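These notes are about the structure you will find just below.
The values are calculated or read from the model by the stated rules, or taken from the named source; none is laboratory data. A quick note: this is a predicted structure, and the numbers were derived from the prediction, not measured. Ideal geometry is used to build each Cβ from the backbone, glycine not excepted, and the neighbour counts take in all protein chains shown.
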Amino acid sequence: MSTATKTNTLKDINSQQTISSLEAALEEKKMLLDEMLLQDKMKTEFLSNISHDLRTPLNVIYSTLQLFNLFLEDSLSNDKRQSCHKYINIMRQNCYRLLRLINNFIDISKIDSGYLKLELKNLDIVNLVKDVTMSVAEYIENKSIKLSFKGSLKEKRIACDPDKIERIILNLLSNAVKFTPQKGTIYVGVKGDKNWIYISVKDTGVGIPAHELETIFERFKQVDKGLTKDYQGSGIGLSLVKSLVELHGGSISLNSKYGFGSEFIIKLPVYTLDDNFVVAEGNRDISSEGRIERINIEFSDIYSK
């Protein structure tokens, strides 16, 4: 065998060994990826299952509180009644907080597994945002914070899920209240063009430090607790808001300077669906009582003074 032939043979052997090593490494990485995906699926299923298991007894507790509240009106003196109502309100507030946390966990699990679907309906987005904003005006103003709504558009119909839009706005307003001191102002605005709608929630609060801006939408991320004083949260809300906005084909951004307030800007695409493709509203609770209940849940991590 010639020297050239031996050299080529060695090259072939080395190439085969390299290919075999690469294939083995690729197979190992594939196995690791499959294992990670399986673990992630198991965690998502666990989160979903435990959330549902928690919500069922919590609903029973909350319903019992409502009945207990009715019974008190006929059975106690005025002083004892007031004292009982005080503790009932504390229990109710914490039921709301747990419901909010559980609902967020359930929705995150659905988003991760691809099961959270929008119930789209052609609606006037300007009126929808204004309606949600004004529904919490009294609550916010009772905190000695001014609330202002301004829309440069009189009307604009787009395809959206009203429940999810309501939840997005309530979450951002709740977040703004946490960071805005007394005598501050929260501004909500809607503007747009033929392609996009822009919804702005702006406050004159403490703002967010520059080093936290890039991670503010990350799941379980919490800003410096010293900025929110007595208010607490799980760090899920803004991550969920971002996911709900993106499900609509939109995006959300944040402008903030520490000491000068923050502004969240939602960008939603302008389009409408044919009536044949609009999902029915189903069992959506559109009553004032239903709206109040959702407000109480979304604002539940802001303790009343």
Of the residues in region 174-208, those that are closer than 21 Å to Gly151 by Cα and small (Gly, Ala, Ser) come to Ser174, Ala176, Gly184, Gly189, Gly192, Ser200
Here the qualifying pairs (Cβ atoms under 6 Å; residues six or more apart or on different chains; first in region 187-204 and farther than 14 Å from Lys154 by Cβ; second polar (S, T, N, Q) and surrounded by 17 or more Cβ atoms within 10 Å (Cβ to Cβ)) come out as Val188/Thr133; Asp203/Thr180; Asp203/Ser262
Residues that are more than 18 Å from the chain's Cα centre (by Cα), farther than 14 Å from Ile199 by Cβ and either of a type in the set (Val, Ile, Thr) or surrounded by 14 or more Cβ atoms within 10 Å (Cβ to Cβ) (or both), drawn from region 256-270 | Ser256, Tyr258, Gly261
Mind listing just one residue for me: the one in region 75-123 that is charged (D, E, K, R) and under 20 Å from Asp161 (Cα atoms) and, of those, surrounded by the fewest Cβ atoms within 10 Å (Cβ to Cβ)?
-> Lys117
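To keep it simple, each residue is scored yes or no on (1) closer than 18 Å to Arg100 by Cα; (2) modelled with pLDDT of 90 or more; (3) surrounded by fewer than 19 Cβ atoms within 10 Å (Cβ to Cβ).
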| position | (1), (2), (3) |
| --- | --- |
| Ile197 | no, yes, no |
| Val241 | yes, yes, no |
| Asp275 | no, no, yes |
| Asn296 | yes, no, yes |
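Which of the strands (runs of 3 or more DSSP E) found entirely inside region 97-162 contain at least 2 residues meeting this: modelled with pLDDT of 85 or more and within 20 Å of the chain's Cα centre (by Cα)?
Hits in region 97-162: 157-160.
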Of the conditions (1) farther than 30 Å from Gly237 by Cβ; (2) at pLDDT 75 or above; (3) not charged (D, E, K, R), the single one that Leu58 does not satisfy is (1)
